1. Exactly one of these conditions fails for T64: (1) under 20 Å from the mean Cα position of the chain (by Cα); (2) part of a loop (DSSP other than H, G, I, E, B); (3) of a type in the set (S, T, Y). Give me its number.
2. Within region 57-77, which residues are β-branched (V, I, T), over 22 Å from A19 (Cα atoms) and out of contact with any Ser or Thr (no Cβ under 8 Å at 6 or more places or on another chain)?
3. Looking at region 35-43, can you tell me whether even one residue there is of a type in the set (S, T, N, Q), at pLDDT below 95, touching an Asp or Glu at 6+ places or on another chain (Cβ under 8 Å) and not in a loop (DSSP other than H, G, I, E, B)?
4. For region 49-91, what are the residues that are among the small types (G, A, S) and touching a helix residue (DSSP H, G or I) at 6+ places or on another chain (Cβ under 6 Å)?
5. Collect the residues in region 70-85 that are closer than 15 Å to V15 by Cα and not in a loop (DSSP other than H, G, I, E, B), keeping them in residue-number order.
6. Return the residues of region 11-22 that are within 12 Å of the chain's Cα centre (by Cα) and among the hydrophobic types (A, V, I, L, M, F, W, C); say none if nothing qualifies.
7. Can you name the condition, by its number, that T85 falls short on among (1) at pLDDT 90 or above; (2) crowded, with 16+ Cβ neighbours inside 10 Å?
8. Does F41 satisfy the condition of being touching a residue at least 24 places away in the same chain (Cβ under 8 Å) and crowded, with 18+ Cβ neighbours inside 10 Å?
Amino acid sequence: MSPWQLCLIGVGGAVGALARYWLGSWVMDKIPGATFPWGTFLINVTGSFILGLVMTLLTERVLTSPNWRPLITIGFVGAYTTFSTFEYETARLASSWQAMANLLGSVAAGYAAVWAGIRLAAWLSAALARG
């Protein structure tokens, strides 16, 4: 990997970390007193969607600069998604039904989001090919 691509990963990571903090805080501010980690849940689902969309567009559908992949997927999405936070919050919920809801809901919704991102990328690619 070139020094330029490493720099792009750092920039994407900084933006992803800030987006994660902002969105997580915003969601939790909108749901005062919530014990379920809605912010982390939303971040994991939207991060899955972004990764499915971007990876499909960049690797299977659209030929583009090799710099976009490390910037968005490794940098932005890598810092934006919160799998370790998801695991910790699930462990803290372990004595309640919310632990299973968080575990199953995040996995199912995350998979659905990746699938939706892939499908949207395929549709966009086809639309661009038609002109």
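1. Going through the list (1) under 20 Å from the mean Cα position of the chain (by Cα); (2) part of a loop (DSSP other than H, G, I, E, B); (3) of a type in the set (S, T, Y), T64 breaks only (1).
2. If the condition is that a residue be β-branched (V, I, T), over 22 Å from A19 (Cα atoms) and out of contact with any Ser or Thr (no Cβ under 8 Å at 6 or more places or on another chain), then T59, T64 are the ones that fit.
3. Looking only at region 35-43, we keep the residues that are of a type in the set (S, T, N, Q), and these are 35, 40.
This time we only want the ones that are at pLDDT below 95, so: 35, 40.
Right, trim to touching an Asp or Glu at 6+ places or on another chain (Cβ under 8 Å) and you get 40.
Okay, now just the ones that are also not in a loop (DSSP other than H, G, I, E, B), so 40.
Checked region 35-43: at least one residue is of a type in the set (S, T, N, Q), at pLDDT below 95, touching an Asp or Glu at 6+ places or on another chain (Cβ under 8 Å) and not in a loop (DSSP other than H, G, I, E, B).
4. Those that are among the small types (G, A, S) and touching a helix residue (DSSP H, G or I) at 6+ places or on another chain (Cβ under 6 Å): G52, G75, A79.
5. Within region 70-85, P70, L71, I72, T73, I74, G75, F76, V77, G78, A79, Y80 qualify.
6. Those that are within 12 Å of the chain's Cα centre (by Cα) and among the hydrophobic types (A, V, I, L, M, F, W, C): A17, A19.
7. Tallying (1) at pLDDT 90 or above; (2) crowded, with 16+ Cβ neighbours inside 10 Å, T85 fails exactly one: (1).
8. Values: touching a residue at least 24 places away in the same chain (Cβ under 8 Å): yes; crowded, with 18+ Cβ neighbours inside 10 Å: yes.
Yes, satisfied.
The values are calculated or read from the model by the stated rules, or taken from the named source; none is laboratory data. Computed from a predicted model, the values in this text were never measured in an experiment. Note: ideal-geometry Cβ built from the backbone for every residue, glycine included; neighbour counts use all protein chains shown.
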